[in-house]
Amino acid sequence: MVNSIIDGISIKLNEEFGDSYVIYSEEVDQNFTEKSFYIDVLNPLIQQYLGDRHLRIHPFDIRFYPIENNNMNAQICDVADRLIQCLKYITVNGDLVRGINMSYNIVDDVLHFMVEYNIIVNYEHNVEAMEDLKIDQRSKG
């Protein structure tokens, strides 16, 4: 499920920003490119609902690394505004999923854009059905 959400985010980022931006979903120590995004899964949470339904909460931190020059703050603010619109809806396994609780902050010239994608999942149990049951019931009176 998480990988499908990462794929949906990556597709939206590529549609909005094009191929000139690099998108990472794994840590990169060497050959890290400026003008790139890094998609980081924070702390997913699963809440059980009635029956076999579960709410899966997937918070993400999408980091943007701008090109180092004198207008880094303008780059970051522009990208933040564009992320709000482009990550409002993503496609996950053919379904639209809405991004909620969006916020962002700037730490050490890096944009941290936070967004959650919540999905309700129905788990099916493969339980064999009982065989025929006969009840013999009589009433008094």
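The values are calculated or read from the model by the stated rules, or taken from the named source; none is laboratory data. Everything numeric here is computed off the predicted structure, so don't read it as measured data. FYI the Cβ positions are ideal-geometry reconstructions off the backbone, even for glycines, and counts take in every protein chain you see. Please note that ligands, DNA and RNA were not included when accessible areas were found on the heavy atoms of the full protein model with its side chains. Shrake-Rupley method; radii C 1.70, N 1.55, O 1.52, S 1.80 Å.
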Original post:
Quick one: helix 2-17 against the long Cα principal axis of the chain, what's the angle to the nearest 10°, folded into 0 to 90?
Top reply: 40 degrees
Original post:
For D52 and D132, FRET efficiency with R0 = 35 Å and r from the beta-carbon atoms, rounded to 0.05?
Top reply: 0.85
**OP:** Calculate the dipole size of the chain relative to its Cα centre from +1 charges on Lys and Arg beta carbons and -1 charges on Asp and Glu beta carbons; express the result in debye to the nearest 20.
**Re:** 820 debye
Subject >> Overall dimensions of the stretch 74-130 as given by Cα atoms, namely Rg and Dmax in Å >> reply: 17.8, 66
**OP:** Can you tell me the FRET efficiency between Y24 and E124 if r is taken as the Cβ-Cβ distance and R0 is 25 Å, rounded to the nearest 0.05?
**Re:** 0.10
**OP:** With the full set of protein chains in place, find how many percent of the accessible area of the chain is carbon and sulfur; take the probe as 1.4 Å.
**Re:** 45 percent
Original post:
Can you list, bin by bin at 5 Å, the percent of alpha carbon pairs in the chain, starting at 0?
Top reply: 2, 8, 16, 18, 15, 10, 7, 5, 4, 3, 2, 2, 2, 2, 2, 1, 1, 0, 0, 0
**OP:** Would you work out the relative contact order for the chain, in percent, from Cα pairs under 8 angstrom that are 6 or more residues apart?
**Re:** 24 percent
**OP:** Might you tell me the accessible area per residue for the stretch 15-141, computed with a 1.4 Å probe and given in Å²?
**Re:** 73 Å²
**OP:** Please give the contour-minus-distance gain from V2 to I84: 0.36 nm per residue of separation, less the Cα-Cα distance, rounded to one decimal in nm.
**Re:** 27.5 nm
Subject >> Distant alpha-carbon pairs in the stretch 58-97 (separation over 11 angstrom), percent >> reply: 71 percent
Original post:
Expressed as a whole percent, how much of the Cα-Cα distance distribution for the stretch 38-77 exceeds 13 Å?
Top reply: 66 percent
Original post:
Across the chain, where is the longest run that never hits trypsin sites (Lys or Arg not before Pro) in a DSSP loop with at most 11 other C-beta atoms within 10 Å?
Top reply: 1-133
**OP:** Report, to two decimal places, the Cα Rg of the stretch 11-75 normalised by 2.2 N^0.38 Å (N = number of residues).
**Re:** 1.54
Original post:
Of V97, V107, V41, which has the largest mean-square fluctuation in a 10 Å C-alpha GNM of the chain?
Top reply: V107
Original post:
Size of the dipole of the stretch 1-68 about the Cα centre, Lys and Arg at +1 and Asp and Glu at -1 on the beta carbon, nothing else charged, in debye to 20?
Top reply: 380 debye
